[in-house]
Structure formats: structure tokens, C-alpha cells
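The values are calculated or read from the model by the stated rules, or taken from the named source; none is laboratory data. All values reported here derive from a predicted model rather than from experimental measurement. Here the Cβ positions follow ideal geometry from the backbone for every residue, glycine too, while neighbour counts run over all protein chains shown.
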Amino acid sequence: MHKSGERIFITAKLPGYMRVGDDDLIERYLFLTNSHDGSGSITAAFTPIRVVCQNTLNAAMRNLSNVVRIRHTANANLRLQQAHKVMGIANQVSAELEPVFNQWAKVRITDGELKKLIEMAMAPNREVLGKLKDSKLEELSSHYTNMVESVYEYALSSPTQNMHTTAGTVFGAYNAVIMESKRLCKAAE
């Protein structure tokens with residue numbers, strides 16, 4: 001998918017799952033993104049986020065570590081080595097994220113803390129983060145506040161948010177942001 005010819009991406013579902021608690025299974029994905037004109041290198045990385053639009057691509061791209069950048073070359077052997085490296089990274093990151101998500105599922109938060117986490121996670125830039133930090137909520141756009149309210153409502157009312165791993169937990173806040181971001185992407189199509 002590209003936006004005004006800027007970026008394209010593909011997402012591939014990997015076999016297996018990450019397990020949070022006893023019965024919350026998280027799918028695993030690889031995504032590749034590139035500039036539409038091919039001027040940059042291809043970025044390949046693991047994510048538990050199914051990339052479906054620019055919003056979820058941005059979420060997946062934030063704070064990436066263990067990324068492979070593949071240069072546009074004709075050397076097939078080098079590309080195969082890089083692809084092997086991407087698969088190794090995907091397995092390593094998945095193994096590292098599973099215990100983090102399980103720990104987040106044990107950290108209880110209040111509804112007020114949930115709202116603050118959602119506000120920070122949905123902030124599109126540092127300017128919005130600054131307004132949140134300075135409690136200048138009246139200066140935030142209605143588009144942003146509506147997105148936050150949508151995620152907050154999802155976090156409190158969706159059946160998937162009432163599991164013991166998500167209800168009133170940091171993992172639930174993370175899950176709400178990811179799931180509602182996907183829904184907002186689909187609604188914008």
C-alpha cells in the first residue's frame with residue numbers, strides 16, 4: 001500500500017503464536033516496507049501488529065530494534081542471507097516479547113491510568129505529547145480526542161478487553177490501542 005507514492009509495505013503472517021496468560025494468543029508477523037520509488041533500502045522486521053494501513057505501519061515502525069535493511073542489489077545469495085537473518089530476528093523478538101506481554105498482563109492499572117496511556121500511545125507527534133504533559137487538553141484537536149475516546153471506549157467495553165490478561169492491565173491498554181487503530185484504519189478506507 002502506498003500513500004501518494006511515498007511508501008509501500010507487505011505483511012506476512014508467521015506460523016505459531018505468542019501466548020499471554022493461558023488463552024490469549026497473539027499472532028506473529030513480518031513486515032517489509034520500502035519507498036515507492038525504490039530509492040531507499042527495504043526495511044524488514046518482526047511485529048505482533050498486523051500492518052493494514054499507515055497508522056498500523058507507524059505503530060509497527062516505532063522503537064524498532066532488530067531490523068534488517070536490505071539494499072537494492074542484484075546479488076541473490078546476499079538477499080537469501082538477509083532473509084534468513086530476518087527470520088532469525090523474528091523468532092528472537094517473538095521469544096523476547098512473550099514474557100514482556102505476560103508481565104504487562106499482571107500489572108494492574110486504574111481507568112485514569114488507562115486513559116493516560118492511551119493518550120500517550122495515540123499522540124501523533126511531540127507537540128501533542130507536550131500538550132498532554134502540560135495539561136493543555138483544551139488545545140488538542142477534536143480528531144485526536146475522538147480517537148482517544150474511541151480507544152478508551154473499546155478498552156472498557158470490548159469482550160476481548162474483559163479477559164483476565166486485558167481487563168485493567170497494561171497489556172489491555174496496549175491491546176486496545178492496537179486493535180482500535182486497526183479498526184480506525186479500516187474505517188478510513
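Listing for the model above:
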{"read-out": "Residue pairs meeting the criteria (Cβ under 8 Å; at least 6 apart or on separate chains; first not assigned by TED's automatic domain parsing to the domain that holds Tyr174, in the stretch 116-137; second buried (at least 18 other Cβ atoms within 10 Å of the Cβ) and assigned to a helix (DSSP H, G or I))", "value": "none"}
{"read-out": "Leading residue by the ranking (farthest from Thr165 (Cα to Cα)) among those in the stretch 97-154 that are in a helix (DSSP H, G or I) and hydroxyl-bearing (Ser, Thr, Tyr)", "value": "Ser142"}
{"read-out": "Verdict on Leu97 being modelled with pLDDT of 90 or more and surrounded by 13 or more Cβ atoms within 10 Å (Cβ to Cβ)", "value": "no"}
{"read-out": "Residue satisfying condition, being surrounded by 18 or more Cβ atoms within 10 Å (Cβ to Cβ), within 21 Å of Asp23 (Cα to Cα) and not aliphatic (A, V, I, L, M), within set Asn102, Asn91, Asn162, Asn175", "value": "Asn175"}
{"read-out": "Unique match (being in a helix (DSSP H, G or I), of a type in the set (Ser, Thr, Tyr) and modelled with pLDDT under 80) among Thr56, Thr73, Thr33", "value": "Thr56"}
